[in-house]
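The values are calculated or read from the model by the stated rules, or taken from the named source; none is laboratory data. Bear in mind that the values here come from a model prediction, so they are computed numbers and not experimental data. Because the Cβ atoms are built from the backbone with ideal geometry, glycine has one as well, and the counts that use them run over all protein chains shown.
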Amino acid sequence: MSQMQLDDAAAVAQAKGGDEEAFRTLVDRHSRAVYRLAYRMTGRPEDAEDVVQETFVRAYRQIGRFESRANFATWLYRIGFNCAIDYMRARPHRETNETHETLDQLAGGGRGASTDDLVYAGQINERVQAALSGLSAQERAAFLMRHYDGCSIEEICAALDLKTNAAKHSIFRAVKKMRVALRPLMSVKV
Amino acid sequence: MNHPTDDDLILHFYQERGARNREHAAAESARIDAHLTTCASCGESWRELQETLQLVDAAKVPEPAPAFERLMWARIAPAIRRADDERPVDDVTPVAPARPRPAGWMDWRRLVPMAGLSAAVLALVFGLRPGPRPSVPKPGSPVPVSAAETAAAATLKDSGDGQSRRVLLTALDGHFAQTEVLLVELLNRPDSDLTLDFERGSAGDLLADGRLYRLTAVQTGEQRYVDVLDDLESLLVEVARSPEKVKRQEMKVLRSRISEDGLLFKVRAVNHEIRERQQEMFTVTANEGSL
């Protein structure tokens, strides 16, 4: 882990000096992780790729301000989340249209699903992703940062420029919506 | 103790403690744990919460292609090279280029007549006339909805079957595609070639068509597209009014405006959305036709 951090630190230092290959090292090392968060945020591979690209371009432009003591991955993911939020806000039609339909469908659509259906991991993936798409951009970002990346409330506040209560309530709302959306899957198992 | 609320349980799950100090937080957590072993309804809520979040954990993200890193670099490298030319370091706005497209079909010199045709079709459907080149506000100032636009919007009613919206989307698809190509062209133009002859003409055409589309977008309630067209307008004015050959500094300013306003990003996002909507409409129409 510390070797990885040292490697990142060295690459960042060189990239700050305009070394393109050093920046490429960072892209190679972190682009998949950024893709995963972008995919969870946007729900679609092509959108996730756009967000990855935008994230690294913004990172490159801001790299002069990156504190060498900080963790590059954490810093990069913050940029990634904000890029994803911007991307999603730039297409509000799709966002809002899907939200209600998806949540409604998910809340009722799973009733009566057989156990056989559930053995397919793909179905869980689809349902979780659809449930995520029912969250607002802010709820989704706060929830994903907390759930997948283990960010503290303070870190989420800093990354998303939120007050503590707003960050907490984003997570509360997100989890409640996820519970409603995923309940039909759980009722089979319980 | 009182029953913990759903919010308390969520904080408990994530070990986020609302308490003022660590000792108090640990005591509160222990109290919730004890309560959950004795209270059936809270225990049930707790299990459901855990199962929900385990399902979230179980969801996997599809792995991108093996050459993902190389492909991403091919997209990122040109953008950061441009950023190098333009940096101030503090600039945090997007400069993302278009997703690579098949060469040739998107050549903007081909798109000019396409866009003009779209405008003509739109004018025919809505009974609108583009009129002379619009007199445009100073760069950066918002474009107000004029009385003429409002009046036109009031008299032109959507037929209710989505036909007008469909026509608008088709027109905007071509318009934004052409705009995207113009923006990419401006961003990528080498400093050794600062002649903007064709760009000026294209910007003028886009300006005139954009005003017509804006009017239609106002009428159909597509405020999102109105906003993007407004954002683009001042840049198009600058390009249309620029001298045939610009100075290096002037080109730099144009590029900065594209970057600072995130214009390319916005254009790509709305065009993406338009294409999805068109696809949805096409699917609905096809389904209706098959009934």
Selected residue (only one of A:Arg140, A:Arg146 is crowded, with 19+ Cβ neighbours inside 10 Å, among the basic types (Lys, Arg) and more than 9 Å from every other protein chain (Cβ to nearest Cβ)) | A:Arg140
Check segment B:202-219 and report whether any residue there is more than 27 Å from A:Val51 (Cβ to Cβ), touching a residue at least 40 places away in the same chain (Cβ under 8 Å) and surrounded by fewer than 18 Cβ atoms within 10 Å (Cβ to Cβ).
-> yes
Considering residues that are in contact (Cβ under 8 Å) with a residue 60 or more places away in the chain and surrounded by fewer than 23 Cβ atoms within 10 Å (Cβ to Cβ), the number found within segment A:41-71 is 2
When B:Pro88 is evaluated against the numbered criteria (1) facing chain A (nearest Cβ under 8 Å); (2) at pLDDT below 90, which criterion, by number, is the only one it fails?
-> (1)
Would it be correct to say that A:Ala142 is more than 15 Å from B:Asp6 (Cβ to Cβ), under 19 Å from the mean Cα position of the chain (by Cα) and not polar (S, T, N, Q)?
-> yes
